[in-house]
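A quick write-up on the structure given underneath.
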Amino acid sequence: MMPFELSSDLVAALVFPGVLGILGFLVVAIWAERKLVARIQWRYGPLYVSKAIGGFLQPIADLVKLVFSELVLPRHTNRALFLSTPLALFIAEALPVAFIAAAPGLIIFYNPHGLAIAVVLWLLVAVFLVGMAWSEADKFTYIGAMREILLSAAYEIPLLLSLVAMLLLYGTADPYRVVELQNVWGVLLNPLAFLAFYISLVMSTTRFPFEIPEAEPEVVLGPYTEYGSTLFILSFGGTYVKLYAGALLGSVLFLGGWQPAVDTLSGALVTIAKMAALAFPLLILRAIYPRYRIDQALRFGWSKLLALSIAAVIFSIALRFAGVI
Amino acid sequence: MSIHVKLFLTALKNLAERQWTVRWPEERRDYSPAVRGFIVNDRAVCISCQLCEAVCPAKAIKFHLEQDGKRYPGIDWGRCILCGYCVDACPTGSLRHTPQVEITWRSLSTYKFPREMDPDAVSVEAGGRSLL
Amino acid sequence: MTEWPFNQRVGSTFFIDAEEKLLEGRRGMVLVVGPQHPGSGHMRLFVVLDGDLITEVVPDPGFVHRGVEKLAENRPYWTLIPLVEKASIMDSANITYPVVLALERALGLEPPPRAKYLRVLMAELSRVRTHLYDMALLGIFLGHSTAFMWSFAIQDLYAEVFAKITGARTTISYAVPGGVRRDIKPSHVELVEKLLAKTEAKLRDFKTLFLDNPVTRARLEGVGTLDAKAVAELGVVGPFARASGVRYDVRKVHPYDAYGELDFEIAVEKAGDAMARTLVRWREIYTSIDIARQILKSLPESDVIDQALLFKNPEYRREGISGVLGVYTYIYPELGEYHGMAEASRGLTYVQLFTTSSQRLYRMRLVTPSWRNLRAMVEAMRGQRLADMPAVYMSFGYFPPEADR
């Protein structure tokens with residue numbers, strides 16, 4: 001018997017999928033994105049900080065640099081809101097992780113309807129982003145916020161429907177049951193739902209063809225324009241946290257979670273591998289696509305993507321009636 | 001759909017491409033043999049004709065009197081645009097370019113008309129990495 | 001709308017007042033894009049927005065005005081070449097071309113055939129390079145960083161070849177009145193052949209990833225459309241006029257130097273939108289590569305400097321360098337008014353020289369293509385969405401230093 005017992009939810013909160021996992025993902029994803037995109041573009045990418053390990057410490061160096069840079073508070077803003085919304089945003093982006101199991105026993109809050117709660121929490125994030133952009137009181141952030149609202153309206157319904165399709169298929173939102181039911185991976189059971197989920201994930205994390213709210217030549221940095229220093233890390237790092245939550249949710253719902261592993265440690269490793277596989281194409285999107293115009297993205301979201309997600313729901317119901325699962 | 005797959009494959013194919021970035025100063029670009037670099041003057045050949053001063057479009061060249069009683073050109077490197085007109089105008093070939101393309105000075109006072117346009121002072125050799 | 005006080009200071013409420021006046025009873029705002037904006041270049045654009053639609057764009061150029069025309073007054077004629085080429089450094093071989101042609105008329109010089117071919121070779125390589133540069137900026141304005149990096153990588157090969165042949169990466173000052181400054185060697189011919197082959201090989205992936213990309217096409221097709229009539233009325237020149245079906249190219253209409261002897265077709269598109277403007281330039285890259293290959297194949301053997309110049313003082317001919325610059329100090333242009341016209345990468349460039357009987361000019365007038373395309377660019381932006389602003393901007397290849405001179 002150990003002198004004191006680390007309860008599994010504490011480990012989950014602090015290590016994986018909690019704080020350490022999020023921060024680790026932030027560093028690894030930013031480094032991997034810069035490195036992969038650089039290689040596609042015939043460059044080295046980050047290199048000079050820690051040359052031996054391919055510049056892996058560059059994101060950390062950037063974080064340190066940003067923390068120590070001056071924090072500029074625009075005079076015309078509501079300071080309390082200006083300071084608090086990035087923090088709220090960062091936390092809100094990370095909240096869905098609390099209700100998703102990363103391995104047997106590795107969950108922060110267990111709830112029999114955990115996945116449904118995670119999805120709802122995930123969709124609430126846009127509110128903070130818009131609030132942040134609004135409190136900055138700048139024309140470019142205003143346009144960025146409008147784009148963010150329109151874009152989230154376009155992806156929320158398909159995202160919700162694709163997840164509803166999977167939950168309908170499994171007949172439960174229990175984070176453990178969902179994985180146990182996947183003798184055949186969800187992506188094979190309902191590929192339509194996976195496709196709709198994946199594209200919605202790209203849109204919700206504003207990865208490249210849909211990197212519209214922060215389009216640089218048009219609106220400078222969209223909702224993040226006025227932020228610097230630590231607040232910039234919090235506000236801009238939020239999208240990577242969202243990507244982390246999305247990859248975790250996707251691997252649990254579509255890639256069979258920690259299967260085929262059974263114990264906690266190997267389960268966590270399997271989940272990490274699956275999350276990496278899900279995140280990899282999202283990271284190199286930056287090197288492949290330019291960005292859509294907002295009206296094109298909306299047209300796509302409200303027509304093709306919506307149709308795809310509705311088809312996914314119908315397909316799920318059909319599978320359910322056929323008794324596949 | 002197939003076009004998107006093609007795009008991904010094209011991108012992944014280029015992961016294996018050699019990096020084009022030249023990591024200066026560990027490696028240098030190859031601009032040899034004729035690059036218009038730092039200009040030196042061979043005083044033994046110079047006839048002090050002042051044609052270089054006359055053709056200079058940036059008015060960067062001024063002549064100064066030396067100990068041996070001759071006048072020699074000095075270049076204001078803050079004005080010089082390295083167009084090479086002076087080198088082309090030089091009737092004896094005493095002015096010439098060197099492959100030294102990185103031209104920097106420690107202070108403002110030293111880069112104006114430095115008298116050391118000695119060919120032996122430039123040690124940089126031609127050659128380096130060519131992207132072609 | 002006519003009186004924009006362009007000198008407004010920070011903290012002024014001018015734009016707020018102007019918005020209220022401009023957009024009475026309508027939703028909308030005035031967006032000040034530039035000069036410190038990632039999508040403006042060295043200029044400022046006042047964009048009047050109605051929702052997401054651009055109702056009016058008022059350009060405020062001049063941030064990089066150097067006064068080339070004023071600087072050209074009262075200075076020796078041979079110093080015009082390094083002066084003018086700084087206006088458009090990527091395009092230095094083309095932008096100095098009309099100056100050289102005008103000076104040759106003023107001085108009564110005729111370049112030997114080899115020099116003519118070499119000038120055209122450099123002009124065409126410079127054209128490829130400028131188009132790649134503009135393509136790169138179009139890519140980054142649409143958010144395609146790979147197109148940006150690849151274009152810049154490929155155009156750097158041209159910088160390297162320029163450095164090896166002429167001595168400088170960008171500001172080459174290669175053509176001078178009466179010829180060119182350096183002859184090319186057999187090794188240089190091989191170098192250029194290698195360069196063209198590598199360009200073609202690398203552009204294949206570029207086309208797949210950028211021009212054939214459905215997102216790029218969606219962003220460019222049907223955006224900023226100008227028909228042939230509008231283009232003619234607005235005085236658009238170069239590939240941007242040819243994209244609307246105006247078949248005008250100085251290389252064909254008034255062939256200068258070796259262009260009359262070369263076999264090439266000019267690229268013309270009908271659509272007149274941003275995609276057509278991009279495609280015309282894309283096809284011109286291949287036309288230029290073809291012209292360069294023809295030149296390498298049929299390069300005549302002769303001197304590279306007019307014999308009349310060397311006759312003045314034979315001592316100035318040196319090995320490898322046509323050391324003719326000193327001879328210019330002996331010769332004087334005829335008093336009069338001379339002009340030169342050439343097709344630069346971004347369109348027609350026109351130069352008018354007013355000489356005095358000394359070596360110094362009375363006046364130089366320089367008309368650059370970007371300046372002539374500015375009006376059309378602003379017209380093309382009207383009615384488009386805000387996101388189309390950078391796409392239309394770079395589809396015109398607008399280069400503020402070239403326009404502001």
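Worth pointing out:
- Note on exposure: A:LEU87, A:LEU188, A:LEU181 ranked by accessible area (1.4 Å probe, complete protein assembly) read A:LEU188, A:LEU87, A:LEU181, with the most exposed listed first.
- Residue with peak Gaussian network fluctuation, chain C [Cα springs, cutoff 10 Å], from C:VAL176, C:VAL99, C:VAL250: C:VAL250
- Between helix C:369-381 and chain C: long-axis angle, C-alpha atoms, 0 to 90°, nearest 10: 20
- Cross-link partners of A:LYS65 among lysines (Cα-Cα below 29 Å; sequence separation of 8 or more within a chain): A:LYS35, A:LYS51, A:LYS139, A:LYS242
- As a calculated quantity, the FRET efficiency between C:SER298 and B:ARG71 at R0 = 45 Å, using C-beta atoms, amounts to about 0.40.
- Folded to 0 to 90 degrees: helix C:186-206 orientation relative to chain C principal axis, Cα: 20
- Minimum 50 Å² accessible area buried by the other protein chains, the range B:34-52 residues, probe 1.4 Å, relative to alone: B:ALA34, B:ARG36, B:LEU51
- In this structure the amide hydrogen of B:ARG29, modeled in the peptide plane, comes within under 5 Å of the amide hydrogens of B:ARG129, none closer than 5 places in sequence on its chain.
- Each of B:SER48 and C:TYR286 was given a label point 7 Å from its Cα along the Cα-to-Cβ line. The distance between the two points is 6.2 nm.
- Angle between chain C longest axis and helix C:97-107 axis [Cα atoms, degrees, rounded to 10]: 40
- Within the protein assembly as shown, DSSP assigns beta bridges of which about 100% are antiparallel (rounded to the nearest 5).
- In percent, rounded to a whole number, the relative contact order of the range A:1-144 is 25, using alpha-carbon pairs under 8 Å and six or more apart.
- Here the Gaussian network model covers chain A, with springs between Cα atoms less than 10 Å apart; of A:THR85, A:THR264, A:THR239, A:THR264 fluctuates the most.
- Per residue, the accessible area of the range C:76-177 comes to 14 Å² when a 1.4 Å probe rolls over the protein heavy atoms.
- Where labels lie 7 Å past Cα in the beta-carbon direction, separation of A:ALA80 and B:VAL22 in nm: 5.8
- Between chain B and chain C, roughly 3500 Å² of accessible surface gets buried, counting both sides and using a 1.4 Å probe.
- Stretchable slack from C:ARG247 to C:LYS229, in nm (0.36 nm times residue separation minus alpha-carbon distance): 5.2 nm
- Portion, in percent, of the accessible area of the range C:112-181 that falls on carbon or sulfur, probe 1.4 Å: 67
- The C:ASP212 and A:GLU180 beta-carbon pair, evaluated with R₀ = 35 Å, returns a calculated FRET efficiency of approximately 0.20.
- Probe 1.4 Å - accessible area at A:VAL324, Å² to nearest ten: 80
- The range C:191-247 and the range C:67-119 have Cα centres spaced 28 Å apart.
- One decimal place: the segment A:SER229-A:VAL64 gains 58.5 nm when fully extended, by the rule 0.36 nm per residue minus the C-alpha distance.
- The 1.4 Å probe gives accessible areas that order A:MET146, C:MET90, largest first, as A:MET146, C:MET90.
- Total formal charge among the other residues, if their Cβ is under 10 angstrom from that of C:ARG66, Lys/Arg +1 and Asp/Glu -1: +1
- Length-normalised contact order for chain C - Cα pairs under 8 Å, 6+ apart - percent: 25
- Label separation (A:VAL324 vs B:SER109): 8.3 nm, computed from points 7 Å beyond Cα along the C-beta direction.
- 222 nm mean residue ellipticity, helices alone, for chain A (DSSP H n ≥ 4; -39,500 (n - 2.57); rounded to 500): -21500 deg cm²/dmol
- The calculated 222 nm mean residue ellipticity attributable to helices in chain B amounts to -4500 deg cm²/dmol, summing -39500 (n - 2.57) over DSSP H runs of n ≥ 4 and dividing by all residues.
- Probe 1.4 Å, protein heavy atoms only - accessible area per residue of the range B:17-89 in square angstrom: 45
- Dimensionless Rg over Rh [the range A:3-322; C-alpha; Kirkwood]: 0.97
- Whole-percent carbon and sulfur share, accessible surface of the range B:32-120, 1.4 Å: 50
- Remark: for residue pairs A:LYS274/B:LYS6; B:LYS59/C:LYS194; C:LYS229/C:LYS297; B:LYS13/C:LYS252, the C-alpha separation exceeds 29 Å in B:LYS59/C:LYS194; C:LYS229/C:LYS297; B:LYS13/C:LYS252.
- Under the span-like rule (Cα at least 18 Å along the axis, Kyte-Doolittle mean at least -0.5), DSSP H helices of chain A: A:19-40, A:79-94, A:114-136, A:139-170, A:191-204, A:229-253, A:264-288, A:306-322
- With DNA, RNA and ligands ignored, accessible area of C:GLU265 (1.4 Å probe; Å², nearest 10): 130
- Rolling a 1.4 Å probe over the protein chains gives C:ASP263 an accessible area of about 110 Å².
- Buried area at the B-A interface (accessible, heavy atoms, 1.4 Å probe, summed, Å²): 1600
- Here the range B:76-103 is scanned for amide nitrogen atoms under 17 Å from the site 7 Å beyond the Cα of C:LYS312 along Cα-to-Cβ, giving B:85-92.
- Its relative contact order, with pairs defined as Cα atoms under 8 Å and 6+ residues apart, puts the range B:32-120 at 43 percent.
- Note on B:15-24: average number of Cβ atoms from other chains within 10 Å of each residue's Cβ is 5.
- Surface listing: C:ARG127, B:ARG79 arranged by accessible area from highest to lowest gives B:ARG79, C:ARG127, probe 1.4 Å.
- In this structure chain A gives 40 Å² per residue of accessible area when probed at 1.4 Å with all protein chains present.
- Principal axes of the protein assembly as shown: Cα extent on each, largest first, Å: 99, 65, 55
- Interface burial in the range C:215-242 reaches 50 Å² or more for C:VAL215, C:ARG219, comparing the full protein assembly with the chain by itself; accessible area from heavy atoms with a 1.4 Å probe.
- Taking chain B as a Gaussian network of alpha-carbon nodes connected by springs under 10 Å, the highest mean-square fluctuation of the residues B:THR104, B:THR92, B:THR21 belongs to B:THR21.
- With a Förster radius of 35 Å applied to the beta-carbon distance between A:LEU47 and A:VAL72, the computed FRET efficiency rounds to 0.70.
The values are calculated or read from the model by the stated rules, or taken from the named source; none is laboratory data. The shown structure was predicted, so the numbers you read here are calculated from the model rather than taken from an experiment. Cβ: placed from backbone, ideal geometry, glycine included. Neighbour counts: every protein chain shown. Side chains are part of the model used for accessible areas, which takes the heavy atoms of the whole protein and leaves out ligands, DNA and RNA. Shrake-Rupley method; radii C 1.70, N 1.55, O 1.52, S 1.80 Å.
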